[in-house]
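Here's the structure we're looking at; comments come further down.
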């Protein structure tokens, strides 16, 4: 079916050309023919070193030769021509023959440099075929491209330069270039401002970096460069893989970019200086058969990460791990299905990442485990890697004895809590400080002050003050990249907080107050009201320590200690009316005779009088949410029963927020927020959180939140993601359009595999995206079929349309290829086919033929993913993504 469709398209092209072809004219810049209103370029390639070809919609874009020997284009430009100047709207193209990559060069590198910081250059690459045919009569050889650059051409990749990165490089392997499926390459440079560029290309059998002077750095300057017969370097230790390594592309052992070191649990952390983005560092760790209940591994930055570096950890038994689902047993930030393994990351908090392998895990086995540290960010990271083996979970926190045969901790510290003796529970007394000595593994401590409610004489006049300070083994200051700090939480449910897997914390619901200890060694104070007490009349606190990275102790979090004091803080009614002394701790007055009363306002020497002139009596008014101070009558016979001389609002209560007087009015208003502050607000259903400003009316009315999110503060919760315009949170797409997911292996042994394609019904609508569901019974409809060498695609094919109108050829199956004779596919093309391929290129330019390279490119994306294209800022329009991906290696 697929071949018949292509033949029909070619037949249409033949008829089209026969009917509409004209002589070359000025509308095609003198380098093409007008066909149905469009230009068909007649010289899309340079004929020799002294000539220039022309491509583009009007055949006016010059094409120069590019030599893949490291030479700059300024050195090889045709005589009488300038080829290294690019201006806005005036692109320049280059053509290179890449047929040698199918035989033994294996690796191709491209380097583009903009010589003006104001010019951002984009270099687009178009993979195609250059077909050569010789006329027997004249012995002249003509080379014809299958496709050439114009607005209808689908470019295969692009490199970009910016003001901050004026140089961009890309390395490609024979695999990425289709194992000889393409023999020609066009490169077209565009620029936002006039500039001169340097453009070099080189090919070699070894992985290499093309230097600005045109020389090649083979195997990262580390491995043997003798021929590289299979496209891979022979790397010396520590860049060599283990002896039993199953060769895997993208891990860096083929170009000597990855390291492999032996990591001793409990030993000195191993430094990794300048770990480059998209590269790996591997470590071998031995796990004994007995006495090991937990393997803890950690990578922690030793210098402030620059340029967005970020590390990820992977563990695999007996083989170096990779990022793929089947390439590791455990991964940081992802809990293995069916496993209780701890896999938590604290990179955002203190630039460290951790991973735990527990004996209770299904993946646990004694022997050699390999730790892979991958820099998934965009900048280098200098860090140190360490490991620790524990016979019991978290080594019993250093506060218990471990039964190595059972892995059970017996806590020797009376405050320590099971099962790992890491957390503590302390009972405090008012006014008595708690001093906790620094200890490792401190993640969570629970603190309770019992009987507090009975000790508070007045909810209106007394408060509690929590004072805390902390210190760590890091010394007077923490490293500059560590932004997290210990937090003290007040909540009636704080005593129910439990440590989670790997020391994470199950946060209490609706904490009433929290205080971050922002500066080491400094005293921090928080006011706590009686309404924050639990139902048992006790004050419940928790201290959570998010700090986890410490390069000074192998595999250990820093030793953290703290001091905490809970005391009372009160104010006396009417300041004891000037007739007594105030006990600030209890909020009560000690009156001087002959005065008495809660505020010392009653003069007992005035016989027959209930009160003295000027004295006031507090009366609770629920309707006003405060206390009315009723004045004494002029004759001293009692207090005024009506009215309200003065009003004192309740302040913060369990039912209300902050209450205060509205100016001089006898009215209490409830503030939602503090004037001049911004408050984080989570919506009712927990989908979003953002900062809202606080506004306070000039008339003294209650301060309220604006109800409008401040620009740039919207955060998505519960797995939602920010929309492209940043205005709302929406569900993430089911899949990325154009990506592949393996469906099943085709029948017939190793013939190949079928992959589902992610297609979206509506552009920019993630909810409309879904994978196709190919099946063998349905002829693999909607499935991309990948055939291994020795097999060829056959059967009905049909395009699966994407939301942008492009198509992916899907369907069919794989059969054993028929070589030679009538059924074989020939790489050469006879002289009689020259005209045929010329018409084919015109048909492709007009969009009449669906090319077969789509299936190949999507298969490359699926099989090698991020690891295919590494260096440089590279975008792949056909893939639907644009990112820096991991190091690429050929698989031979």
* When only residues in region 211-230 that are at pLDDT 90 or above and in a loop (DSSP other than H, G, I, E, B) count, which is farthest from residue 787 (Cα to Cα)? -> 213
* Exactly one condition in (1) modelled with pLDDT under 80; (2) within 43 Å of the chain's Cα centre (by Cα); (3) buried (at least 17 other Cβ atoms within 10 Å of the Cβ) is not met by residue 790; state its number. => (3)
* Structure fact -> Going through region 270-293 in order, the residues found to be within 15 Å of residue 375 (Cα to Cα) and assigned to a loop (DSSP other than H, G, I, E, B) are 276, 277, 278, 279
* To do: Check region 730-749 and report whether any residue there is closer than 30 Å to residue 678 by Cβ and assigned to a loop (DSSP other than H, G, I, E, B).
  => yes
* Say whether the condition of being crowded, with 17+ Cβ neighbours inside 10 Å and in a loop (DSSP other than H, G, I, E, B) is met by at least one residue in region 294-302. => yes
* So residue 130, is it assigned by TED's automatic domain parsing to the domain that holds residue 192 and modelled with pLDDT under 95 -> yes
* Structure fact -> Conditions (1) within 17 Å of residue 372 (Cβ to Cβ); (2) assigned to a loop (DSSP other than H, G, I, E, B); (3) assigned by TED's automatic domain parsing to the domain that holds residue 350 -> residue 267 fails only (1)
* Asked: Of all residues in region 683-729, which are within 23 Å of the chain's Cα centre (by Cα), exposed (fewer than 15 other Cβ atoms within 10 Å of the Cβ) and in a strand (DSSP E or B)?
  -> 715, 721, 722
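Yes or no, residue by residue, for (1) at pLDDT below 75; (2) within 29 Å of residue 697 (Cβ to Cβ); (3) part of a loop (DSSP other than H, G, I, E, B); (4) touching a strand residue (DSSP E or B) at 6+ places or on another chain (Cβ under 8 Å):
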position: 609; (1), (2), (3), (4): yes, no, yes, yes
position: 620; (1), (2), (3), (4): no, yes, no, yes
position: 628; (1), (2), (3), (4): no, yes, no, yes
position: 636; (1), (2), (3), (4): no, no, yes, no
position: 641; (1), (2), (3), (4): no, no, yes, yes
position: 647; (1), (2), (3), (4): no, yes, no, yes
position: 655; (1), (2), (3), (4): yes, yes, yes, no
* To do: Could you grab me the full set of residues in region 332-363 that are touching a helix residue (DSSP H, G or I) at 6+ places or on another chain (Cβ under 9 Å) and modelled with pLDDT of 75 or more?
  => 332, 353, 354, 355, 356, 358
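Per-residue answers, yes or no, for (1) modelled with pLDDT of 85 or more; (2) surrounded by fewer than 21 Cβ atoms within 10 Å (Cβ to Cβ):
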| site | (1), (2) |
| --- | --- |
| 472 | no, no |
| 514 | no, yes |
| 538 | yes, yes |
| 553 | no, yes |
| 558 | no, no |
| 570 | no, yes |
| 573 | no, no |
* Counting just the residues of region 401-415 that are modelled with pLDDT of 90 or more and crowded, with 19+ Cβ neighbours inside 10 Å, which one comes out farthest from residue 360 (Cα to Cα)? -> 411
* Candidate set: region 759-794, residues that are in a strand (DSSP E or B) and free of Cβ contacts under 8 Å to residues at least 40 places away in the same chain; chosen: the one nearest to residue 818 (Cα to Cα) -> 792
* Structure fact -> Given (1) farther than 17 Å from residue 743 by Cα; (2) in contact with a strand residue (DSSP E or B) (Cβ under 8 Å, 6 or more places away or on another chain); (3) at pLDDT 80 or above, residue 804 misses just (2)
* Asked: Any residue in region 231-239 that is outside the structural domain of residue 288 (by TED's automatic domain parsing), surrounded by fewer than 24 Cβ atoms within 10 Å (Cβ to Cβ), within 28 Å of the chain's Cα centre (by Cα) and in a loop (DSSP other than H, G, I, E, B)?
  -> yes
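Residues are listed down the side, and each one gets a yes or a no for (1) modelled with pLDDT of 95 or more; (2) within 23 Å of residue 81 (Cβ to Cβ); (3) in contact with a strand residue (DSSP E or B) (Cβ under 8 Å, 6 or more places away or on another chain):
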residue: 116; (1), (2), (3): no, yes, yes
residue: 123; (1), (2), (3): yes, yes, yes
residue: 139; (1), (2), (3): no, no, no
residue: 152; (1), (2), (3): no, no, no
residue: 155; (1), (2), (3): no, no, yes
residue: 179; (1), (2), (3): no, no, no
residue: 188; (1), (2), (3): yes, yes, yes
residue: 204; (1), (2), (3): no, no, yes
residue: 209; (1), (2), (3): no, no, yes
* **Filter result (surrounded by fewer than 22 Cβ atoms within 10 Å (Cβ to Cβ), at positive phi and assigned to a loop (DSSP other than H, G, I, E, B)) within region 54-103** => 80, 89
* **Members of region 480-511 found to be modelled with pLDDT of 75 or more and either in a strand (DSSP E or B) or within 22 Å of residue 682 (Cα to Cα) (or both), listed by number** => 484, 487, 488, 489, 490, 491
* Condition test on residue 778, is it out of contact with any strand residue (DSSP E or B) (no Cβ under 8 Å at 6 or more places or on another chain) and closer than 15 Å to residue 812 by Cβ? -> yes
* To do: Name every residue in region 179-208 that is surrounded by fewer than 19 Cβ atoms within 10 Å (Cβ to Cβ) and in contact with a helix residue (DSSP H, G or I) (Cβ under 9 Å, 6 or more places away or on another chain), in order of residue number.
  => 179, 180, 181, 196, 198
* Output the residue which, of all residues in region 290-305 that are more than 19 Å from residue 396 (Cα to Cα) and either assigned by TED's automatic domain parsing to the domain that holds residue 164 or in contact with a strand residue (DSSP E or B) (Cβ under 8 Å, 6 or more places away or on another chain) (or both), is modelled with the lowest pLDDT. => 305
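The values are calculated or read from the model by the stated rules, or taken from the named source; none is laboratory data. Nothing here was measured: the structure is a model prediction, and the numbers come from that model. Glycine gets a Cβ as well: all are built from the backbone with ideal geometry, and neighbour counts include every protein chain shown.
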